[in-house]
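The values are calculated or read from the model by the stated rules, or taken from the named source; none is laboratory data. All values reported here derive from a predicted model rather than from experimental measurement. Cβ: placed from backbone, ideal geometry, glycine included. Neighbour counts: every protein chain shown. To get the accessible areas, we keep the full protein, side chains included, count just its heavy atoms, and leave off ligands, DNA and RNA. Shrake-Rupley method; radii C 1.70, N 1.55, O 1.52, S 1.80 Å.
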Amino acid sequence: MNERTMKLEGKHIVLGVTGSIAAYKAASLVRCLVKEGAEVQVVMTPSAKEFISPLTMATLSQKPVASEFFNRRDGSWYSHVDIGLWADLMLVAPATAASIGKMANGIADNMLITTYLSMKAPTWIAPAMDLDMYKHPSTQQNVERLKSFGVKILDAEVGFLASGLEGKGRMMEPEAIANAVVNYFEAENNRPLLGKKVLITAGPTYENIDSVRYIGNYSTGKMGYALAEEAQQLGATVYLVLGPSALSSPKGVYTSRVSSANEMLKEAKELFPKCDIAIFAAAVADYRPEQTYEGKIKREKSNNTLQLKLTKNPDIAATLGATKKQNQLLVGFALEMDSDTDEVKAKMQRKGMDVMVLNSLADAGAGFGGDTNKITILTHKNSPISFPLKSKREVAKDIFTVIREELELGND
């Protein structure tokens, strides 16, 4: 006999059921989730029990339903905190206007809301109500507020409603919700950096001479931008510290814009302690003017030469590398005139890097400004790996392949 693969095996799902006529659909949803191997803990509001019995939900889920804070017969306590720690996902389906409002405003007057407020896992809601209630500004405002908290909305569908009217307000069908859950966990399995925090510095720095002139370089930030996109796609929470650049902020990435090396160091210092991975891809100016002039230096008032006294900028990678914790992995970049790896190995040791990415100005298509790069990656564990010329997005994939190997996360 062929055994059927259960796509949600080992997953813990909390199903919140609120007082809507659509509560009858929750029974089908439990069956769909259990059929795929999930363990389902049902939490019901008091009014939900008027529409569907806890006995039905307990029978289908094979777990006692949580509704009150304690069992009135034996005094046993239902811990909303423990449920929040147990869950991999919380679904509220159906979600009434009243429960959506309570969730959005933290009104913890029943077991379901306290469970939501204690939830460590992602939360999804499937609204169900009459069309005028759904489109009312207060409901829409509460929905938007939940979105801002990171709650996923399984949008209501258009159809025949309990009021006899037809419009938008029907709860998404149980099979569609179950499919969305399956797709979510399948995608999660392909996101090996989920739960990791990644800091990336990118772009040039501008060091002011006066109010209109600066010392800079030709970096555009494209390499760091590609790294931020790849890290986000792999599931990481990404913090991009971006020097002066025409690039927009990558979607889903926390982006801080800075100008000078000192500004970049200050921002990176604040983010660095909470990050698991730090990638120093920025082309930080090595020097800055010792004196910055207010206003514009007048050409007419100067001699034929203008002398600038320069002082060294902080080495951001080395500064943060000196404070590296044992569980952090650091990646540095080196732009050299040739492909000699000996100097890069010395830099890697000196700066406390675990991985070093070398690119050479001697290679056509590498370096600043373009959409391609040609790199060699050095680690402490393996011999240098050289790659052919590729798009910067493909280069970012190669870099994260090595990072995942260093972290022993595996590659799909």
Query raised in the report: Dividing the alpha-carbon radius of gyration of the chain by 2.2 N^0.38 Å (N being the number of residues), what value is obtained?
Result: 1.28
Requested in this report: Among DSSP beta bridges whose residues both lie in region 64-212, state the antiparallel percentage, nearest 5.
Outcome: 45
Query - Taking region 258-412 and dividing mean pair separation by its residue count, relative contact order in percent (alpha carbons under 8 Å, at least six apart) - result: 16
Query raised in the report: Once you list every other residue whose beta carbon is under 12 Å from the beta carbon of VAL284, what net charge do they have if Lys and Arg are +1 and Asp and Glu are -1?
Result: -2
Report task. Taking only protein heavy atoms into account and a 1.4 Å probe, give the accessible area per residue of the chain in Å². Result -> 51
Query - the chain, accessible surface, carbon-and-sulfur percent (1.4 angstrom probe) - result: 49
Query raised in the report: Does anyone have the angle between helix 222-233 and the longest principal axis of the chain? Alpha-carbon axes, 0 to 90°, nearest 10?
Result: 20
Report task. List, in order, the whole-Hz ³J(HN,Hα) value for each residue of region 349-356 obtained from phi through the Karplus relation with A = 6.51, B = -1.76, C = 1.60 and θ = phi - 60°; use x for Gly and Pro. Result -> 5, 5, 9, x, 8, 8, 9, 10
Requested in this report: Could you check which residue among LYS147, LYS296, LYS222 shows the biggest mean-square fluctuation in a GNM of the chain with a 10 Å Cα cutoff?
Outcome: LYS296
**Report entry** Mean shadow area of region 201-328 over all directions, Cα convex hull, nm²
**Finding:** 8.8
Report summary line: Applied in sequence order to region 276-286, the curve 6.51 cos²θ - 1.76 cosθ + 1.60 (Karplus, θ = phi - 60°) yields integer Hz couplings, x standing for Gly and Pro, of 8, 10, 10, 10, 9, 9, 5, 9, 6, 4, 5
Requested in this report: List, in order, the whole-Hz ³J(HN,Hα) value for each residue of region 394-401 obtained from phi through the Karplus relation with A = 6.51, B = -1.76, C = 1.60 and θ = phi - 60°; use x for Gly and Pro.
Outcome: 5, 4, 4, 4, 4, 5, 6, 4
**Report entry** Local electrostatic count, LYS196, Cβ distance below 12 Å [Lys/Arg +1, Asp/Glu -1]
**Finding:** +3
Requested in this report: Could you list, in their original order, any pairs among LYS147/LYS392; LYS7/LYS197; LYS120/LYS274 whose Cα atoms are separated by more than 23 Å?
Outcome: LYS147/LYS392; LYS7/LYS197
Query raised in the report: What order do you get for 170-182, 281-293 when each peptide is scored by the mean count of other beta carbon atoms within 10 Å, highest first?
Result: 170-182, 281-293
Query - Estimated [θ] at 222 nm from DSSP helical runs (n ≥ 4, -39500 (n - 2.57)) normalised by residues in the chain, nearest 500 - result: -9500 deg cm²/dmol
**Report entry** Within region 169-233, chymotrypsin sites (Phe, Trp or Tyr not before Pro) in DSSP loop having at most 16 other beta-carbon neighbours inside 10 Å
**Finding:** TYR218
Report task. Compute the relative contact order of the chain as a whole-number percentage, counting only Cα pairs closer than 8 Å that sit 6 or more residues apart in sequence. Result -> 10
Report task. Could you tell me which of rounded, prolate or oblate describes region 325-412, using a ≥ b ≥ c as the square roots of the eigenvalues of the alpha-carbon gyration tensor, with rounded for a/c under 1.5 and, failing that, prolate when a/b is larger than b/c and oblate otherwise? Result -> oblate
Report task. Would you mind checking which residues have amide H under 5 Å from GLY159's amide H? H placed 1.01 Å from N; only 5 or more apart, or other chain. Result -> GLY167, LYS168, GLY169, ARG170
Requested in this report: Indicate, rounded to the nearest 5 percent, the antiparallel portion of the DSSP beta bridges found entirely in the chain.
Outcome: 30
Query raised in the report: For ALA98, what is the net charge nearby, where nearby means another residue's Cβ is under 14 Å from its Cβ and Lys, Arg count +1, Asp, Glu -1?
Result: -2
Requested in this report: Could you sort 333-343, 349-359, 370-380, 15-25 so that the peptide with the highest average Cβ count within 10 Å comes first and the rest follow in order?
Outcome: 15-25, 349-359, 370-380, 333-343
Report task. Leaving ligands, DNA and RNA out of it, work out the accessible area of ASP398 with a 1.4 Å probe and give it in Å² to the nearest 10. Result -> 30
Query - region 96-241 - convex hull of alpha carbons, volume per residue in Å³ - result: 191
Query raised in the report: For q = 0.23, 0.26 Å⁻¹, what log10 I(q)/I(0) does region 1-51 give under the Debye formula with an equal point scatterer on each alpha carbon and no solvent?
Result: -0.81, -0.93
